[in-house]
1. Taking the criterion of being open to solvent by less than 60 Å² (accessible area, probe 1.4 Å), farther than 12 Å from Ile93 by Cβ and hydroxyl-bearing (Ser, Thr, Tyr), would at least one residue in segment 8-21 satisfy it?
2. I need every pair where a residue in segment 1-19 that is aromatic (Phe, Trp, Tyr) has its Cβ under 7 Å from the Cβ of a residue that is modelled with pLDDT of 95 or more and open to solvent by less than 30 Å² (accessible area, probe 1.4 Å), sequence separation at least 6 or different chains.
3. What strands (runs of 3 or more DSSP E), lying completely within segment 26-142, carry at least 3 residues that are hydroxyl-bearing (Ser, Thr, Tyr) and at pLDDT 95 or above?
4. Among the residues of segment 33-63, which ones are under 22 Å from Asn10 (Cβ atoms) and open to solvent by 20 Å² or more (accessible area, probe 1.4 Å)?
5. Being loosely packed, with under 14 Cβ neighbours inside 10 Å, within 16 Å of the chain's Cα centre (by Cα), within 11 Å of the ligand (Cβ to nearest atom) and touching a residue at least 24 places away in the same chain (Cβ under 8 Å), is that true of even one residue in segment 84-92?
6. Do you know which residues across segment 64-108 are among the small types (Gly, Ala, Ser) and closer than 27 Å to Glu15 by Cβ?
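The values are calculated or read from the model by the stated rules, or taken from the named source; none is laboratory data. If you're wondering where the values come from, they're calculated on a predicted model, not measured in any experiment. Reconstructed Cβ throughout: ideal geometry from the backbone, glycine too, with neighbour counts over all protein chains shown. The accessibility values were calculated without ligands, DNA or RNA, using every heavy atom of the protein model including side chains. Shrake-Rupley method; radii C 1.70, N 1.55, O 1.52, S 1.80 Å.
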Amino acid sequence: MRVFIGIGSNVDNPEGQVNAAQQALRILPKTHVIASSSMYKSPPMGPQDQPDYINAVTELETLLTPHYLLDCLQQIEQQQGRVRGRHWGERTIDLDLLLYDDELIADARLKVPHPGIGERAFVVYPLAEIDADISIPGKGLLINLLADCPRNGLERLESK
Ligand code: ROI
């Protein structure tokens with residue numbers, strides 16, 4: 001299955017956190033990393049009194065089920081010391097299951113495609129960097145979302 005993971009961090013050395021998460025994705029069972037976007041810097045969506053975020057998207061090929069993959073992502077977040085704080089507040093590491101093949105999933109634990117996907121520049125632009133031709137189940141072509149998504153201060157960083 002073709003899967004895209006959104007990665008974000010804005011505390012405790014965000015670039016290091018994103019790198020560490022990408023390393024952890026590399027050693028998941030039955031999974032290969034296919035591509036990663038550049039890293040991007042973005043102003044916080046949510047409370048403004050928190051640091052800018054570092055964001056990236058990684059593409060995986062996996063045989064893991066969506067819910068098992070979610071368990072794995074949450075385990076990586078735990079390993080990297082994620083603690084639940086205020087709503088939409090700062091975070092050491094956040095791993096979101098953005099897309100799982102062409103599946104639509106909406107249960108108590110997991111919503112795929114990720115509900116915010118089209119409104120979040122820090123997701124849409126890195127996704128398009130990997131593959132501009134993606135189509136998002138229920139939402140249409142990524143390029144059309146991109147056209148309607150202001151950058152909101154999103155900056156692509158020079159080195160990965
Ligand atoms: N804002 C930005 N810029 N990047 C994120 O990854 C991010 N993640 C979040 C919230 C708190 C919504 N804001 C964010 O979970």
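1. From segment 8-21, those open to solvent by less than 60 Å² (accessible area, probe 1.4 Å) are 8-11, 14, 16-18, 20-21; that's our starting set.
Those left that are additionally farther than 12 Å from Ile93 by Cβ: none.
Checking segment 8-21: not a single residue is open to solvent by less than 60 Å² (accessible area, probe 1.4 Å), farther than 12 Å from Ile93 by Cβ and hydroxyl-bearing (Ser, Thr, Tyr).
2. Matching pairs, first to second residue: Phe4/Val57; Phe4/Glu59; Phe4/Leu98; Phe4/Leu99; Phe4/Leu127.
3. On the way: elements: 31-36, 40-42, 53-62, 94-100.
In segment 26-142, 53-62 are the strands (runs of 3 or more DSSP E) which contain 3 or more residues that are hydroxyl-bearing (Ser, Thr, Tyr) and at pLDDT 95 or above.
4. Here is the first cut: in segment 33-63, the ones under 22 Å from Asn10 (Cβ atoms) are 36-58.
Of everything in segment 33-63, those that are under 22 Å from Asn10 (Cβ atoms) and open to solvent by 20 Å² or more (accessible area, probe 1.4 Å) turn out to be Ser36, Lys41, Pro43, Met45, Gly46, Pro47, Gln48, Asp49, Pro51, Asp52, Tyr53.
5. Taking segment 84-92 first, the residues loosely packed, with under 14 Cβ neighbours inside 10 Å are 84-88.
Checking which are within 16 Å of the chain's Cα centre (by Cα) leaves us with 88.
This time we only want the ones that are within 11 Å of the ligand (Cβ to nearest atom), so: 88.
Applying the additional criterion that residues be touching a residue at least 24 places away in the same chain (Cβ under 8 Å) yields 88.
Looking through segment 84-92, at least one residue is loosely packed, with under 14 Cβ neighbours inside 10 Å, within 16 Å of the chain's Cα centre (by Cα), within 11 Å of the ligand (Cβ to nearest atom) and touching a residue at least 24 places away in the same chain (Cβ under 8 Å).
6. Gly81, Gly85, Gly89
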